[in-house]
1. Which FRET efficiency value, to the nearest 0.05, do you get for Arg99 and Glu14 by plugging their Cβ-Cβ distance into 1/(1 + (r/R0)^6) with R0 = 30 Å?
2. Pull out a ≥ b ≥ c, the square roots of the eigenvalues of the alpha-carbon gyration tensor of region 35-119, then state rounded if a/c is under 1.5, prolate if not and a/b is larger than b/c, and oblate in the remaining case.
3. Run the simple label-point estimate for Cys196 and Thr134 please: 7 Å along Cα→C-beta, distance reported in nm.
4. Could you please report the charge total around Gly186, scoring K, R as +1 and D, E as -1 over all other residues with beta-carbon less than 12 angstrom from its beta-carbon?
5. If you restrict to DSSP beta bridges whose two residues both lie in region 94-221, what percentage is antiparallel, to the nearest 5?
6. Would you please classify the overall shape of the chain from the alpha carbon gyration tensor, given that a ≥ b ≥ c denote the square roots of the eigenvalues, rounded means a/c under 1.5, and beyond that prolate means a/b larger than b/c while oblate covers the rest?
7. Kindly provide the pair-distance distribution of region 138-221 built from C-alpha pairs, with 10 Å bins from 0 and whole-percent values in order of increasing distance.
8. How much length would be gained if the chain were fully extended between Arg32 and Glu92, taking 0.36 nm per residue of separation minus their Cα-Cα distance, in nm to one decimal?
Amino acid sequence: MFMSASDDVRSFTEKRYALMALPLIRALESRRFAAYYCPTAAEAVKKALSLMPSKSSVSWGGSYTLDQIGLTDAVRAGPYRVLDRADVQTPEEKLEVMRRAMFCDVFLTSFNAVSMDGTVFNIDGNGNRVAAITFGPASVIAVVGMNKVCSTPETALARARNVAAPLNAIRFGFTDTPCTRTGVCGDCRSEHCICCAVEEMRMCKIPQRIKVILVGEELGF
């Protein structure tokens, strides 16, 4: 069978991701995270749903990855009590849903970067996502494309600041942040700064409270 150059690249990348996942899972587990590897997004959705008991209250922060793989749609259609800030009309109602999410049974998210030693990095504008990851919801499930994995904590933080944050600022249509003009972090203090809270999580305090599903695809930002 003929394989194009793009097929070759995809195959090589899939093999590389699978090889990287093995030591990364061990590193995450050594920091008391639960960790899994799914080669495809479809398998990741099934894995995430299997970790969510029926009738659980479920919420999530802003995550392109979750929407991209269809997990949020699957949750909305499933046997869960969903707290979705997209369902409300006013800023006050949105803030209330974000606050209530701190007490939900399951919080869904992705990460901005993960280093090969198992350290997790996240950047947030409002801070609700990093707050929920750190403390509050009984269970956190993070779906993370292997494209977000970096060699060291330093390069992971740099990725979060200079790749994930600018892309999200552009996605939201902000025009007053330097990163939407230059493509990289400008350490700004603008009204729409998307880097108000920077989280480095080196341990999961409650063992396996945070479940990390690594996916062998390029997902999100």
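Every read-out reported here was derived from the displayed coordinates using simple, explicitly stated rules and does not represent laboratory data. Please read all numbers here as calculations on a predicted model, not as lab measurements. So basically every Cβ, Gly included, is an ideal-geometry build from the backbone, and we count neighbours across all protein chains shown.
1. 0.15
2. prolate
3. 1.4
4. That sum, taken over residues with Cβ under 12 Å, equals +1.
5. 35
6. rounded
7. That works out to 16, 40, 33, 10, 0, in percent per bin.
8. 18.0 nm
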